[in-house]
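Below is one structure; the comments refer to it alone.
The values are calculated or read from the model by the stated rules, or taken from the named source; none is laboratory data. From a predicted model like this one, the values you see are computed outputs, not experimental measurements. When we count neighbours, we look across all protein chains shown, and the Cβ atoms used for this are built from the backbone with ideal geometry, even at glycine. Surface areas here come from the heavy atoms of the whole protein model, side chains and all, with no ligands, DNA or RNA. Shrake-Rupley method; radii C 1.70, N 1.55, O 1.52, S 1.80 Å.
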Amino acid sequence: MPDPLHILKSTFGYDEFRPKQEEIIERISSGNNALVLMPTGGGKSLCYQIPALVRPGTGIVVSPLISLMRDQVEGLKQLGIQAEFLNSSLNYTQRIDVEERLRANQLDLLYVAPERLFMADFQNLLETVNIALFAIDEAHCISQWGHDFRAEYLQLSEIRKKFPDIPCIAATATADAPTRKEILERLQLETEDLYATGFDRPNIRYSVILKNNVKQQLLRFIETEHTGDAGIVYCLTRKRVEEFASWLTDQGHQAVPYHAGLSTEDRQGHQDRFLNEEGLIVVATVAFGMGID
């Protein structure tokens, strides 16, 4: 098998592994399972991306967020990795093309929405291809104790039953004790499969203040601390997203909305602008994905 450290250096450009990464990668590459708890930016993705390059076949990555999926796949393509995604943003021709590449063993990694994973035709396709591993991103969505429970994720236990010999890695940045326990149980993982690192992120600062004329507070925050910077403003509802995006634009800032009610073209266009333009503010619901790079 290819050497994981060589792949880390030659493909991803890092000289050494972060804590726990090497041990987890060796475990998955050798055909075992893992539940990985690392902070956002701690290197969770490499824990399944490198084993997918080491092992023969395609790594199937289950991800709940379209924007995060696109972001990760584009980043992998820039590194020369054969990666694609399957979700509702693709048209029929695009979907067939991706499925044909999967069938021809031309993909290193395929990111799929959980809804797509359990469609009968895709299940039948999986039975005909060589699967390197299953990776479950944002694994806290499995747990009803988790902060972002997704009913579709409960079915992932069926994948483990259907493909018991394929290694499975579940990854999340946030899981308390009850959530960890439920993830382990639902995915039929053992306690020794659990790997957890600390959650301290020295490069991130959290400030919490009482709301008092929130629009003016937001404007002061942007103009005094982040003039000209790109950023994301999260709102709880689509209506508030539209309201705040319009208001920030009226105040002279470049701001666009992002929520599930927009067309696929608008969402993709706004995400592409955020990735490529300087100083753009995205006002979004969590549909934009808080794990976005």
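Please work out if residue 192 is open to solvent by 100 Å² or more (accessible area, probe 1.4 Å), out of contact with any strand residue (DSSP E or B) (no Cβ under 8 Å at 6 or more places or on another chain), within 30 Å of residue 55 (Cβ to Cβ) and of a type outside the set (Val, Ile, Thr). So residue 192 fits the description; yes. Residues of the range 79-94 being surrounded by fewer than 17 Cβ atoms within 10 Å (Cβ to Cβ) and either in contact with a His (Cβ under 7 Å, 6 or more places away or on another chain) or outside any loop (DSSP other than H, G, I, E, B) (or both), which ones? The answer is 92, 93, 94. Please find, within the range 95-134, the residue that is nearest to residue 169 (Cα to Cα) out of those that are in contact with a Gly (Cβ under 6 Å, 6 or more places away or on another chain) and surrounded by 15 or more Cβ atoms within 10 Å (Cβ to Cβ). Only one residue tops the list, namely 133. Within the range 195-245, being within 22 Å of residue 287 (Cα to Cα), hydroxyl-bearing (Ser, Thr, Tyr) and either outside any loop (DSSP other than H, G, I, E, B) or open to solvent by 100 Å² or more (accessible area, probe 1.4 Å) (or both) holds for 206, 234. Residue pairs whose Cβ atoms lie under 7 Å apart, separated by 6 or more positions or on different chains, with the first residue in the range 215-236 and under 14 Å from residue 252 (Cβ atoms) and the second surrounded by fewer than 15 Cβ atoms within 10 Å (Cβ to Cβ), are 219/251; 228/279. Could you list, in sequence order, the residues of the range 38-89 that are of a type in the set (Asp, Glu) and touching a strand residue (DSSP E or B) at 6+ places or on another chain (Cβ under 6 Å)? If the condition is that a residue be of a type in the set (Asp, Glu) and touching a strand residue (DSSP E or B) at 6+ places or on another chain (Cβ under 6 Å), then 84 is the only one that fits. With respect to the conditions (1) of a type in the set (Lys, Arg); (2) within 10 Å of residue 67 (Cα to Cα); (3) exposed (fewer than 15 other Cβ atoms within 10 Å of the Cβ), residue 267 lacks only one, and its number is (3). Cβ-Cβ contacts under 9 Å between residues 6 or more apart (or on different chains), taken from a first residue in the range 239-265 that is farther than 14 Å from residue 227 by Cα and among the basic types (Lys, Arg) to a second residue that is in a strand (DSSP E or B) and open to solvent by less than 70 Å² (accessible area, probe 1.4 Å), are listed as 240/283. Of all residues in the range 36-58, those being outside any loop (DSSP other than H, G, I, E, B) and under 24 Å from residue 130 (Cβ atoms) number 11. Considering (1) open to solvent by less than 80 Å² (accessible area, probe 1.4 Å); (2) over 24 Å from residue 41 (Cα atoms); (3) touching a residue at least 12 places away in the same chain (Cβ under 8 Å), the lone condition that residue 151 does not fulfil carries the number (3).
Does the range 62-77 contain at least one residue that is under 18 Å from the mean Cα position of the chain (by Cα), within 29 Å of residue 177 (Cα to Cα), open to solvent by 10 Å² or more (accessible area, probe 1.4 Å) and modelled with pLDDT of 95 or more? No - not one qualifying residue is present in the range 62-77.
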